[in-house]
Amino acid sequence: MAESYFGAKVESKAWHLYHPSVDTGVDCIVETPRGGMKKVQITIGSPHKDTEGAFVINKRIDKIREDVDVVAVFIEHFDESGTPRHIWFLLPKDVY
């Protein structure tokens, strides 16, 4: 689901999205408007149940390939009324 949402977000910005034919740790490659190519790993997270404003991320840093440029973290949470909300964090791998 996160990968589909990410694809829709990227395409809404008129960026080009490429999916590798074999998943070896790079979920997609994004071509930016200036022609840059970024290898992206997509993962999910959830709100931390005991700490407001904190999140638990599903993928450990040692599970991300060295040549990945960006880690896209998708978080779905529900507001006070029960409406689902989606948050994206796009982090350079070195920051992740």
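For the reader, a short list of remarks on this structure follows.
- Just one of (1) of a type in the set (A, V, I, L, M); (2) in a strand (DSSP E or B); (3) open to solvent by 80 Å² or more (accessible area, probe 1.4 Å) fails for residue 95. It is (2).
- Within the stretch 33-56, the set of residues being at pLDDT 85 or above, open to solvent by 40 Å² or more (accessible area, probe 1.4 Å), within 22 Å of residue 12 (Cβ to Cβ) and out of contact with any helix residue (DSSP H, G or I) (no Cβ under 8 Å at 6 or more places or on another chain) comprises 37, 38, 39.
- Of everything in the stretch 13-32 that is exposed (fewer than 10 other Cβ atoms within 10 Å of the Cβ) and of a type in the set (A, V, I, L, M), the residue that is nearest to residue 69 (Cα to Cα) is 22.
- Cβ-Cβ under 7 Å pairs, at least 6 apart or on other chains, the stretch 27-41 side assigned to a loop (DSSP other than H, G, I, E, B), far side open to solvent by 50 Å² or more (accessible area, probe 1.4 Å) and not charged (D, E, K, R): 32/15; 33/15
The values are calculated or read from the model by the stated rules, or taken from the named source; none is laboratory data. Note that the coordinates shown come from a computational prediction; the quantities given were computed from them, not determined experimentally. Reconstructed Cβ throughout: ideal geometry from the backbone, glycine too, with neighbour counts over all protein chains shown. Note: accessible area is taken over every heavy atom of the protein model, side chains too, but ligands, DNA and RNA are not part of it. Shrake-Rupley method; radii C 1.70, N 1.55, O 1.52, S 1.80 Å.
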